[in-house]
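K.L.:
Would you mind keeping the following structure in view while I ask a few things?
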Amino acid sequence: MSAILTTRAHEDLALARRRLDELARAVRALRRTLGDTYGVRRLCDDVERARSSLGFVGETIAEAEPVVVPVPTPTEVMSDLPYDPVIFADADDEGVGGMRPQRRTGR
């Protein structure tokens, strides 16, 4: 399942959960109005069964999401041997600057 489809599925699932919550509130209101009748009890059971089914759908969506496995970067092995001093012959230490003796000009 592509990332777009799983995003859409999450949105649809969230909408279904919100609508189911609205239905549950309406059924509770009916229970207060009509009392604990056989029909109201069946509606309450149906709402709970729908809530359980949405949970299963959520698990299915989670399983369908692509798992991103990080690709390990290759390890670079650095030599323990000292660098050739010629590489740094004309360099100053960065941040320190001017550590070489000043050259005098013919003035």
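The values are calculated or read from the model by the stated rules, or taken from the named source; none is laboratory data. These numbers come from a predicted model, not from an experiment. Note that we place each Cβ from the backbone using ideal geometry, even for glycine, and neighbour counts take in every protein chain shown. Note: areas computed on protein heavy atoms with side chains; ligands, DNA, RNA excluded. Shrake-Rupley method; radii C 1.70, N 1.55, O 1.52, S 1.80 Å.
K.L.:
Multiply the residue gap between Arg28 and Thr60 by 0.36 nm, knock off their C-alpha separation, and tell me the result in nm, one decimal place. Please list the in-between numbers first.
P.N.:
On the way: separation 32, 0.36 × 32 = 11.52 nm, distance 2.92 nm.
Here the segment from Arg28 to Thr60 would lengthen by 8.6 nm.
K.L.:
Now a separate question. Please work out the FRET efficiency for the pair Leu13 and Asp45, using the Cβ-Cβ distance as r and a Förster radius of 30 Å; give the result to the nearest 0.05.
P.N.:
With R0 = 30 Å, the Cβ-Cβ based efficiency is 0.90.
K.L.:
For Glu63, what accessible area in Å² do you get when you roll a 1.4 Å probe over the heavy atoms of the protein chains, rounding to the nearest 10?
P.N.:
150
K.L.:
Here is a follow-up. What net charge is computed for the residues neighbouring Ala24, neighbours being all others with C-beta under 9 Å from the C-beta of Ala24, Lys and Arg scored +1, Asp and Glu -1?
P.N.:
It works out to a net charge of 0.
K.L.:
I've got another one for you. Step through the residues of region 78-87 one at a time and calculate ³J(HN,Hα) from phi using the Karplus curve (6.51 cos²θ - 1.76 cosθ + 1.60, θ = phi - 60°), rounding each to whole Hz and writing x for Gly and Pro.
P.N.:
9, 6, 8, 5, x, 6, 5, x, 4, 4
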